[in-house]
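In what follows, a single structure is set out as structure tokens and then discussed.
The values are calculated or read from the model by the stated rules, or taken from the named source; none is laboratory data. The shown structure was predicted, so the numbers you read here are calculated from the model rather than taken from an experiment. Cβ sites come from the backbone with ideal geometry, for glycine too, and all protein chains shown count toward neighbours.
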Amino acid sequence: MAHKRVLPSTRNASPTSDLYTDIVEVRVGKDSNTSSSYLHSGLVSFYSGYFQAALSGNFVESKSRVIELPEESDEVFTRFRTWLYTNRIDVPARDDRSSYSEIIALWSFADRREIPLLMNECINAVRDELVRTWKVPTKYLRQIYDTTTPQAGMRRLVIQLMAGTWDASKMEGERERGQMIEAALWDIVIAVWKLKDDKCGRMLKADVVKMDLCEYHVHEEGVRCGKPA
Ligand SMILES: [Zn+2]
């Protein structure tokens with residue numbers, strides 16, 4: 001792994017045309033539910049440390065040009081493939097908060113497959129979803145706590161957004177109570193106390209828009225996203 005190239009975590013570096021030559025077959029799913037996709041191996045290696053390792057060196061995959069991902073879902077993989085070729089996260093805007101679940105699942109895929117830029121763009125997408133809907137993803141706390149570590153940017157961001165934008169009236173609802181999980185509650189309380197220490201009791205929409213998301217991104221030492229205009 002010593003020769004591993006630095007993976008892009010911002011859009012400052014773009015893939016070059018020579019990355020669009022070789023093709024790799026990716027088989028997603030198990031047994032009869034397997035579906036095949038064909039990706040440009042240079043392109044997928046440009047963004048993903050997992051594919052980079054699998055497609056270079058002496059791994060079986062690098063010779064057969066077939067990568068099997070039995071534990072991934074077709075839905076998440078398709079979303080990754082769309083992102084790879086369009087630079088966009090293709091999650092439809094809905095009113096029922098389910099978009100959060102899909103973005104969180106894509107972030108987890110990017111985490112497993114070492115794709116820092118996609119992880120970072122999923123972080124941005126969660127923030128944008130909150131600004132759009134002004135609803136926090138309480139319903140998906142279980143998913144977040146099951147699929148992320150305590151230090152994970154996605155977990156920290158969602159906790160910060162819940163701590164900063166929720167108010168007591170929302171916490172009193174029976175549905176919210178039913179969706180809350182104990183580990184998250186403790187993290188939210190700590191985040192609320194920190195906001196108090198910062199003399200920032202409540203985050204308004206304008207505060208959420210202005211957040212420095214690099215705190216939740218994955219970057220090499222010294223790398224930051226460009227300041228939004
Ligand atoms: Zn950043």
Given (1) assigned to a helix (DSSP H, G or I); (2) modelled with pLDDT under 90, number of the condition PRO228 does not satisfy: (1)
Sole residue being surrounded by fewer than 16 Cβ atoms within 10 Å (Cβ to Cβ), modelled with pLDDT under 95, under 30 Å from GLU215 (Cβ atoms) and touching a Phe, Trp or Tyr at 6+ places or on another chain (Cβ under 9 Å), chosen from ALA53, ALA13: ALA13
Every residue from the range 16-41 that is at positive phi and modelled with pLDDT of 90 or more: GLY29
Subset of the range 188-225 (residues that are within 25 Å of LEU118 (Cα to Cα), of a type in the set (D, E, K, R) and either part of a helix (DSSP H, G or I) or touching a His at 6+ places or on another chain (Cβ under 9 Å) (or both)): LYS205, ASP207, LYS210, GLU215, ARG224
Selection within the range 114-135 - of a type in the set (Val, Ile, Thr), crowded, with 21+ Cβ neighbours inside 10 Å and closer than 20 Å to THR165 by Cα: ILE123, VAL126
Test: residue in the range 201-224 that is small (Gly, Ala, Ser) and under 19 Å from the mean Cα position of the chain (by Cα): no
Inter-residue pairs, beta-carbon under 6 Å, first over 16 Å from ALA125 (Cα atoms) and in the range 199-226, second of a type outside the set (A, V, I, L, M, F, W, C) and more than 8 Å from the ligand (Cβ to nearest atom), 6+ apart: MET203/GLY164; MET203/THR165
Any chance ALA168 is farther than 30 Å from PRO8 by Cβ and either within 16 Å of the ligand (Cβ to nearest atom) or within 21 Å of the chain's Cα centre (by Cα) (or both): no
Residue match in the range 185-192 (condition: among the aromatic types (Phe, Trp, Tyr), surrounded by 11 or more Cβ atoms within 10 Å (Cβ to Cβ) and away from the ligand (no atom under 15 Å from the Cβ)): yes
Residue list for the range 201-229, restricted to those being away from the ligand (no atom under 13 Å from the Cβ) and either on the phi > 0 side of the Ramachandran plot or touching a Lys or Arg at 6+ places or on another chain (Cβ under 9 Å) (or both): VAL208, VAL209
Verdict on VAL158 being β-branched (Val, Ile, Thr), within 30 Å of TYR47 (Cα to Cα) and within 16 Å of the ligand (Cβ to nearest atom): no
Output for the range 108-127, where each listed residue is over 19 Å from LEU43 (Cα atoms) and touching a residue at least 40 places away in the same chain (Cβ under 8 Å): SER108, ILE123, ASN124, ARG127
Number of the condition not met by TYR20 [criteria: (1) away from the ligand (no atom under 16 Å from the Cβ); (2) farther than 30 Å from GLN179 by Cβ; (3) out of contact with any Leu (no Cβ under 7 Å at 6 or more places or on another chain)]: (3)
